[in-house]
1. May I ask you to verify whether F293 is touching a residue at least 24 places away in the same chain (Cβ under 8 Å), aromatic (F, W, Y) and in contact with a helix residue (DSSP H, G or I) (Cβ under 7 Å, 6 or more places away or on another chain)?
2. Being of a type in the set (G, A, S) and open to solvent by 20 Å² or more (accessible area, probe 1.4 Å) is the filter here; which residues of the stretch 161-170 pass it?
3. Starting from residues that are part of a helix (DSSP H, G or I), open to solvent by 50 Å² or more (accessible area, probe 1.4 Å) and within 23 Å of G337 (Cβ to Cβ), keep the ones in the stretch 58-83 and report whichever is nearest to the ligand (Cβ to nearest atom).
4. Does the stretch 196-252 hold any residues that are touching a residue at least 60 places away in the same chain (Cβ under 8 Å), of a type in the set (K, R) and surrounded by fewer than 14 Cβ atoms within 10 Å (Cβ to Cβ), and which are they?
5. Could you go through the stretch 31-43 and let me know if any residue there is of a type outside the set (G, A, S) and in contact with a Lys or Arg (Cβ under 6 Å, 6 or more places away or on another chain).
6. Can you tell me which residue is nearest to the chain's Cα centre (by Cα) among those in the stretch 7-37 that are near the ligand (Cβ under 7 Å from one of its atoms) and of a type in the set (A, V, I, L, M, F, W, C)?
7. Taking the condition outside the structural domain of D255 (by TED's automatic domain parsing), of a type in the set (K, R) and within 14 Å of the ligand (Cβ to nearest atom), does K184 pass?
8. Quick check on this structure: which one of S351, S332, S328 is within 28 Å of S172 (Cα to Cα), in contact (Cβ under 8 Å) with a residue 12 or more places away in the chain and either within 11 Å of the ligand (Cβ to nearest atom) or among the charged types (D, E, K, R) (or both)?
Amino acid sequence: MNHYDTIVIGGGPAGMMATISSAFHGHATLLLEKNRKLGKKLSGTGGGRCNVTNNGSLDDLLAGIPGNGRFLYSVFSQFDNHDIIRFFTENGVKLKVEDHGRVFPASDRSQTIIQALTDKIAELGGQVRCQVEVTSVKKIDGQFVIKSKDETWTADRLIVTTGGKSYPSTGSTGFGHEIARHFKHTITELEAAESPLLTDFPHKVLQGISLDDVTLSYGKHVITHDLLFTHFGLSGPAALRMSSFVKGGEILSLDVLPQLSESDLLSFLEENREKSLKNALKIMLPERLAEFFVQGYPEKVKQLTEKEREQLVQSIKSLKIPVTGKMSLAKSFVTKGGVSLKEINPKTLESKLVPGLHFAGEVLDINAHTGGFNITSALCTGWVAGSLHYD
Ligand SMILES: Cc1cc2nc3c(=O)[nH]c(=O)nc-3n(C[C@H](O)[C@H](O)[C@H](O)COP(=O)(O)OP(=O)(O)OC[C@H]3O[C@@H](n4cnc5c(N)ncnc54)[C@H](O)[C@@H]3O)c2cc1C
């Protein structure tokens, strides 16, 4: 059969959930994916463990989606993060919640999530074709005509879930934007979001150190989250979030012990005055970071002058890190910008310009923080785009 009620292009979280929803609502549905397997980008999230959603409140979700999160009010009223948790639990996937509300499969394997989505598509009778790259889409006589190099399909309804333009090696090369442009949709400016930061800093010494819940600040922007020192600069949620506020040329301030005040630290040094400075700092900091901070100071705590103690405490509470730039769009975790939301019905995610055409996931002009918020947006918009709506 080459005619379907619904065809979905792109088998990431948005496309898989759109296929499930469409099949659940009784539509003959086909999902086309150009990779060998579904969910390639999803499999790499959460360090390969798949950060499938976040268990926060609606306010937490909106705060986690700084790029047009409010557009999703109606979507979340139909299907939200708690529905995602229920969906996986009811389909046999045990989940666990980690810090900052991040939800993972208890197996710590992304494959568990991808398999559950794939199994559900099959259970509902949805069809999947991998290794099929869609090359053109048209609408002729009220039907969508979808072509790959060798095949043609027709559909009454088309759902585009091809993702953004970040990490193109996972398949998201921006083809959905081309489809949207073909149908006269506006694409807002595409920019890197959740980008690792390039810094002018002794990277080699600190490379690989990861810190929990430190505070990174730039002016009024104060972010407390985990941070990772890399060979090029900073990554991890605190740096990725800060990337919305910097371009290069700024100086960040890092507090590696935000739970302690300067006077707490001075008292701590006094209490440990007989120790070597490095051994004292190692009580609170990773060894290599302690080694970094003690450079240029006397060996024993008691040998430090009052001024040196104050200087040291200052650098622990406010380490200056000059930003020289950000990773490019291709190397950023998320794409900011996409199909303009002004032209999309927020209740149905149907195009206001072309009846039957829907968009879901990162192809839309929505961007969120890592921590499960993008995936939540993709799964929830996927569900709504796949649903049948009766006005
Ligand atoms: C390293 C990394 C870590 C991340 N970590 C997190 C995290 O912790 N939390 C979080 O919320 N988000 C995270 N994200 C972002 C999140 O993975 C994406 O926002 C999400 O996968 C978007 O889902 P999507 O379904 O819209 O698009 P995608 O997952 O990009 O899927 C789009 C699919 O469409 C297919 N496709 C494209 N063009 C065609 C075509 N012409 N024909 C057929 N198929 C096509 C692609 O091959 C791809 O499989 C991370 C991203 C990266 C790169």
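The values are calculated or read from the model by the stated rules, or taken from the named source; none is laboratory data. Note that this is a predicted model, so its numbers are computed, not measured. Cβ: placed from backbone, ideal geometry, glycine included. Neighbour counts: every protein chain shown. We work out accessible area using only protein heavy atoms, side chains counted, and drop any ligands, DNA or RNA first. Shrake-Rupley method; radii C 1.70, N 1.55, O 1.52, S 1.80 Å.
1. No; evaluated as a whole, the condition is false for this residue.
2. Answer for the stretch 161-170, where residues must be of a type in the set (G, A, S) and open to solvent by 20 Å² or more (accessible area, probe 1.4 Å): just S169.
3. Applying the filter and picking the extreme gives A63.
4. Answer for the stretch 196-252, where residues must be touching a residue at least 60 places away in the same chain (Cβ under 8 Å), of a type in the set (K, R) and surrounded by fewer than 14 Cβ atoms within 10 Å (Cβ to Cβ): just K247.
5. The answer is yes, given that some residue of the stretch 31-43 is of a type outside the set (G, A, S) and in contact with a Lys or Arg (Cβ under 6 Å, 6 or more places away or on another chain).
6. Here the answer is A14.
7. No.
8. Values: S351 fails: either within 11 Å of the ligand (Cβ to nearest atom) or among the charged types (D, E, K, R) (or both); S328 fails: either within 11 Å of the ligand (Cβ to nearest atom) or among the charged types (D, E, K, R) (or both).
After applying the criteria, what remains is S332.
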